[in-house]
Amino acid sequence: MDLHMMNCELLATCSALGYLEGDTYHKEPDCLVSEESVKDLIRYLRHEDETRDVRQQLGAAQILQSDLLPILTQHRQDKPLFDAVIRLMVNLTQPALLCFGSLPKEPSFRHHFLQVLTYLQAYKEAFASEKAFGVLSETLYELLQLGWEERQEEDNLLIERILLLVRNILHVPADLDQEKKIDDDASVHDQLLWAIHLSGLDDLLLFLASSSAEQQWSLHVLEIVSLMFRDQNPEQLAGIGQGRLAQERSADVAELEVLRQREMAEKKTRALQRGNRHSRFGGSYIVQGLKSIGERDLIFHKGLHNLRNYSSDLGKQPKKVPKRRQAARELSIQRRSALNVRLFLKDFCSEFLENCYNRLMGSVKDHLLREKAQQHDETYYMWALAFFMAFNRAASFRPGLVSETLSVRTFHFIEQNLTNYYEMMLTDRKEAASWARRMHLALKAYQELLATVNEMDLSPDEAVRESSRIIKNNIFYVMEYRELFLTLFRKFDERCQPRSFLRDLVETTHLFLKMLERFCRSRGNLVVQNKRKKRRKKKKVLDQATVSGNVPSSPEELEAMWPALAEQLQCCAQNPELSIDSMVPFDAASEVPVEEQRAEAMVRIQDCLLAGQAPQALTLLRSAREVWPEGDVFGSQDISPEEEIQLLKQILSAPLPRQQGPEECGTEEEEEEEEEEEEELQVVQVSEKEFNFLDYLKRFACSTVIRAYVLLLRSYQQNSAHTNHCIVKMLHRLAHDLKMEALLFQLSVFCLFNRLLSDPAAGAYKELVTFAKYILGKFFALAAVNQKAFVELLFWKNTAVVREMTEGYGSLDDRSLSRRAPTWSPEEEARLRELYLAHKDVEGQDVVEAILAHLNTVPRTRKQIIHHLVQLGLADSVKDFQRKGTHIVLWTGDQELELQRLFEEFQDSDDVLGHIMKNITAKRSRARIVDKLLALGLVAERRELYKKRRKKLASSILPNGVESLKDFCQEDLEEEENLPEEDSEEDEEGSSEAEEVQGSLVLSTENLGKSLHQEGFSTPLLWLQHCLIRAADDREEDGCSQAVPLVPLTEENEEAMENEQFQQLLRKLGVRPPASEQETFWRIPAKLSPTQLRRVAASLNQPEEEQKLQPELQPEVPGEEGSDEEHYKEHRAQALRALLLTHKKKGLASPEEEDTFGKEQLKIAPKKRQLLDSDEEQEDEGRNRAPELAAPRIQKKKRFQIEDDEDD
C-alpha cells in the first residue's frame, strides 16, 4: 500500500509527530501535540476494520521505523510521550494471529494477513539494534529498583508493556524466502538476541525469574525465554565450546559415506546406460506379456537400458490430493545460529538452571493451577520443562537443578494435558491442527521426563537412584501411564499430526518399553493397577405375556377359550377379598408418562386372558379403573360384576395395537431395541494384578500401530540412526519376541524392503537390512507351506488372521468348537430324563445336584443340565431350578396380617427378622420380608431389623444404668453381619472390618481416654465432651432427638477423628460412623437420651488427676430433673479441669492458673503433623515451632470460651 493512498486524517496525525533530520529526530515544539498525536493513532487502531486497514497504512508509511523508534531512543526524558509511544508500539507489533483471530481462509483476507505479517517482519528487523533495547533495558532497570511501596500503578503498567513489546518482537516469524540464511550465519532473530545480550536485558530477565518479589511477571518472562530459544536444539546448545565430540564426528563421517556411495552408484548406472556404438535411432521393441491399451503387446520406443525404469504412470498427471487429506506440514524449524549467539544462549541456560528454574517453574505451576494464567499458557510451561531438562541432561546432569519438575505430580500434570489435547483434537475438528501442536509439546515434555528418570538410574549417587526407583514404581503402577502410548498410536492422524510427532512418539515409546522391561527384570515380579469397566444392564420389566410369547389368536380360538375364562371370572367376581393393591397397571420407571400408558395396560389385560390368568386380568382391570377413571375406558365406578365380565370379553377379542417383537425385527432393529430397553451403567473396578511384559507387548500387535511404524520407516533416509533403531526394535519385538512375523506380511512393507535392499547406500543401514531379510525369509518359508500367503499380502492383518495363516485356516473355529459344550447323545438324554423323573418329587433335595451326582457320562455343568432340561420340555423355565429365594411375590391379606402379628410379637427380641422367618407360614426370602415390613410402615429403615448382640462389658467402662448404650454400641458393630441377602455380596469387606473393630475393642473407655490424653488428644477429647453436653441440652430443650453430626472445625480435631484409637473410643461411647457414601461425619445417634449423653461425657474425665488437682470438686451426675444452671456449672468445671490437666502435662500451666481456673490466657503448643509426598524432601520444620505457634492457638481457646458463653 502506497503512502499517497493513506487516509488524510491518518496522514495529518503522523505528520504532527515530528520529523527525522539525519540521525536526529525533531518532535513538535509543543510536547502536548506529539503526545496527543500518538494517542490519536492508538484511537485509530482501536476502531480499525476487519481488514486492519489502519495497521497496514501505518506499516506502509514505516511510522515505527521513521518516527516511533527515534522518539523512543532520543526523547526518553519526556515520560508521558515515552509511555504513549510504548503503548502504540505494543499495539502495532501484536501478532497477526491475534489481529485476525485465526488464519483466514478467504483469499482476500489471507492477502491482508500476509501483508500485516510482512510489516511485522520489517518491525523486527528495525528493532535489531542495541540502541532500542538499551533504552528499554535502562527503563526497566530503573522501574525494578523501586520498592513495592514506592512503585505506582503506572510503573507496573509500564513494566508489563515493555515485557509485552519484547515478546511481540521476538514472536514475529522469520521470512525464510527473504533471509535465505544457512546454518552458522546470523539471521534477524540472531541479531535481535545479540542486541538483547548487549543491552543487558537478559540479566534483567534472569532477575525477574529468580526474584520472589516479582512473581507476577513469571509467565511473561517464561514466554520471552521460550521465544528466545525457539529455533535452538538443547543437546547441540549444551555441546558448544567443548570441541566436537567423537560421536558427532562419527555421525558426520557416516553421513558423508552414504552420500559418496550413492554418488558412486549413480555414476556406475550412467556408465552402463551408454552404449559402445552410437546409434541415431534407439529402436523399437515389443514387450511380451505386457499389454498396452488394446489387446496387443506393449511397444517400447526407447533403448533397452531404459526398460528397467519403465512405468505405466509415465507422462500421466499426478492426481491432486484434497486439502483435507493432505499430510500435516512441519512448522518448527531448527537451525544453528551464529557461534557467538549460541555461546551467549548456553551461558544464559546455565545461569537460568542454577538460579531461576525451580523458582520460576513453581510459580508458573501455581498460576496455572489457580487459573491465574490465560488460556493455553501451560504450553510455555511444557516447552520450558522439555528444553531445560534436556539441556541439563546433555550438559552436566544435576538432578537438583530440575527438582521442581522431577516428580510424580509433574507426570500426572503432563499426562492430564496430553489426554485433554488428544480428546479435543478428536472433537474440535476445525482446530485439530492447533490441538495436535499442543499435544506434540506435551509429548516432548513427557519424553524428557522419562529420559531424565532414565538418566538418574546411571547416577553414582545412591539417593538419586532411589528417587528414580520411586518415580518409576509410581509410573509403572498406574494404568493410565501404560495405556497412553497405545491410545496415541491408535488415534494417530497424519492429516493433523506431522511426522515429527510420530518420530517423537516412536522414540518415547521405545524409551518407555526399555525402562519398563529393565524394571521388570530387576524386580522379578511387578504388581500393577488394573481398571476394568463393568457394565451393569438395567433391564425393563417385561410383560408376562410377552415373556411367554402369547399373541392374539383367531376369533374361533378365542370363542373356545372364553367359557373356561368366564367360569373363573364369575368365581373371582364373587370373591370380596380380591385385592387390587397387589398389581400396578403402569410402569413407574418407564419414560412414557403414566397418562399415556393406558394402551399398554389394556394389552396387559389381554395377555393375562390369553394366558388363562383370569384373576390377574380382573385385578388389572380394577387397578386400571382406579388409575384412569376418566372416560370410563376400563368401566365406570359403579359397574356390576356381569358388566365387568362382558368388558373383559370385549378386551379379549379386540385387535389392540402391539409393539413389534424382537423376532419380527431385523438385526439393526434388534440392536436399537436393546439400546432402548437396557440402560448400561459403567462401573470402573480397580484391582491389582501381576504384570507380564509380553502380555503388555501384545497390545501393540495390531494393524494401526504397525501402519504408523511403517509410515515413519518410509523416510528412513531422512531419519536419524536412533529413530531407525527405535522402529526396528519395536518391529523386532513384535515379530521375534511374540512370534508374529506375519503381521508384517504386507505388500507395501515388502515394497519398502525392496527399495531398501536396492539402495546403493544400504550398507549404512545394516540393522534395517538384516531385519528385512529376516522377515522375507520367514515369509517365503511360510509361502512354501501356505500358498494363500501371497494373497494375504494385500491386506493388513490382526492377531487372529496371523494365527490362522501360521497354524492353518479353521484353527480358530476348531478352538471355539472345543470350548463349546459337548453334544448330547440319545443315551445321555434318556438317562437325563430318567434321573429327572426319579428325583423331581423328592422333598428337600435339589434335583440338579442329584442328577450331577448320578450322571456318569461326559462332565456337565449345572447350567448345561438345566438348559437341556428346558429344551427337552421337562421344565418350563430356568427359574424353576433357582436354589435361593421363592417364587411367591404377591402378599394376600391373611399373610400381611400374619406378618404384622409376628412383628408385634418379636419386635422386642434381639433378632426380629430371624424369628419372623422361622414362624411365618409362607416362606419368603429375607429381602422380601424386609421390603414388606417397610411397605407396611412397621419399620422406618432397614437398620431397625438388624440383629442385636449383647455382650457384657467391664463395669469400669461406663457408669451404672447405661446398658442400653452398650447394646447400641454392639448393635452398630454388628450391623454389617445382618444385612439382607441382596446386599451380602457388596458388604463382605464391611463385615470383615466390623469383626476387626470388635476384636480391637478390648480396652475400656477409661483406658482409651488415658491413652489418648497421653498422646496429646486432650483438646479433641474436650471438644467431644462439649459436643455431647450440647446435644443433651438441645434434646432437653426441643423435646425431640435426631442424629447430630460431629463436624471437626480445627486441624487438631480433624486429625483426632482420623485416628484409629480415637475412633475406637467413639464406638465405645455409642457414636455412629458414617453409614453410607452420602454421609461424611460421625454422628451422635438419636437413641441416646440426655441422661445417657451426660454420663458418656462425664466418663471422658480422668478421676485420678482431677482428685490431685481439685480434691474438693467431686463429679456429680445430675439427674434429668436438675436445673439448667447446675448443668452449666458442672460442665464448665469439667471443661476447666480438663484444660488445666492438659497444660500441666505439657508444662505450660502457671501457679496462678492452678489457683483460679478462670484465666483465659492459656497457651498450647499443638502437635503438628506434616503430610509428606513420596517425591518431596521431608523436612521436620514443625517440631521446633511451639513458641511461634502459641499465639494463634490462643485465639482458638478464646473461641471455645465464647462458645461456652453462648451456651448460657
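Place the peptides 861-871, 359-369 in order of packing, highest mean first, counting for every residue the other Cβ atoms within 10 Å and averaging per peptide.
Numbers: 861-871: 15.7, 359-369: 18.6.
So the peptides 861-871, 359-369, ranked by packing, come out 359-369, 861-871.
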Notebook entry, point to check: In the full protein assembly as shown, how much of MET1057 is accessible to a 1.4 Å probe, in Å² to the nearest 10?
Noted result: 20
Next item on the list: Tally up the carbon and sulfur contribution to the accessible surface of the stretch 1005-1100 as a whole percent, 1.4 Å probe, everything protein left in place.
Entry: 43
Notebook entry, point to check: Sorting LEU450, LEU146 by accessible area (1.4 Å probe), largest first, what list results?
Noted result: LEU146, LEU450
Next item on the list: Note down the magnitude of the dipole of the stretch 1-127 about its Cα centre, charges +1 on Lys and Arg C-beta and -1 on Asp and Glu C-beta and zero elsewhere, to the nearest 20 debye.
Entry: 520
Margin query: How are the alpha carbon pair distances in the stretch 893-944 distributed across 5 Å bins from zero to the largest one, expressed in percent?
Written below: 4, 21, 37, 30, 7, 0
Next item on the list: Would you mind working out the accessible area per residue for the stretch 826-880, using a 1.4 Å probe, and quoting it in Å²?
Entry: 64
Margin query: So with the 1.4 Å probe, I'd like the accessible area per residue for the stretch 1005-1100, rounded to whole Å².
Written below: 42
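Which value in Å does the Kirkwood hydrodynamic radius of the stretch 320-465 take, with 1/r averaged over all unlike C-alpha pairs and then inverted?
Taking every pair of different Cα atoms in the stretch 320-465, averaging 1/r and inverting gives 17.1 Å.
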Checklist line | Given charges at Cβ of Lys, Arg, Asp, Glu: the stretch 416-462 dipole, positive-most of ALA451, THR419, ALA436 | finding: ALA436
Next item on the list: Sticking with the crude label model, points 7 Å out along Cα→Cβ, report the distance from PHE109 to ASN7 in nm, one decimal please.
Entry: 2.0
Next item on the list: Distance between Cα centroids, the stretch 208-236 to the stretch 454-477: provide it in whole Å.
Entry: 28
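So, by mean Cβ neighbours within 10 angstrom, what's the order for 786-797, 212-223 with the highest one leading?
212-223, 786-797
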Check: Order of 111-122, 908-919 by packing, highest average Cβ count within 10 Å first?
Finding: 111-122, 908-919
Next item on the list: Rounded to whole Å and sorted largest first, list the principal axis extents of the Cα atoms in the stretch 826-880.
Entry: 26, 20, 18
Margin query: Calculate log10 I(q)/I(0) of the stretch 1005-1100 for q = 0.11, 0.12, 0.22 Å⁻¹, where I(q) comes from the Debye formula with a single equal point scatterer on each Cα and nothing for solvent.
Written below: -0.29, -0.35, -1.18
Check: Between THR118 and GLN907, what length in nm is gained on full extension when 0.36 nm per residue of separation is reduced by their alpha carbon distance?
Finding: 275.0 nm
Checklist line | Compactness of the stretch 1-127 as Cα Rg over 2.2 N^0.38 Å, two decimals | finding: 1.05
Margin query: Suppose a student asked you for the relative contact order of the stretch 105-197, using Cα pairs under 8 Å spaced at least 6 residues apart; what percent would you report?
Written below: 47
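Computed from the mean reciprocal separation of all distinct C-alpha pairs, what Kirkwood hydrodynamic radius does the stretch 6-65 have, in Å?
Values: mean 1/r = 0.0824 Å⁻¹.
About 12.1 Å, per the Kirkwood formula over Cα pairs.
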Next item on the list: Would you work out what percent of the accessible area of the stretch 893-944, with all protein chains in place, is carbon or sulfur (probe 1.4 Å)?
Entry: 43
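The values are calculated or read from the model by the stated rules, or taken from the named source; none is laboratory data. All values derive from a computational prediction rather than experimental measurement. In this analysis, Cβ positions are derived from the backbone assuming ideal geometry, glycine residues included, and neighbour counts consider all displayed protein chains. Quick note on the areas: whole protein, heavy atoms, side chains included, nothing else; ligands and nucleic acids left out. Shrake-Rupley method; radii C 1.70, N 1.55, O 1.52, S 1.80 Å.
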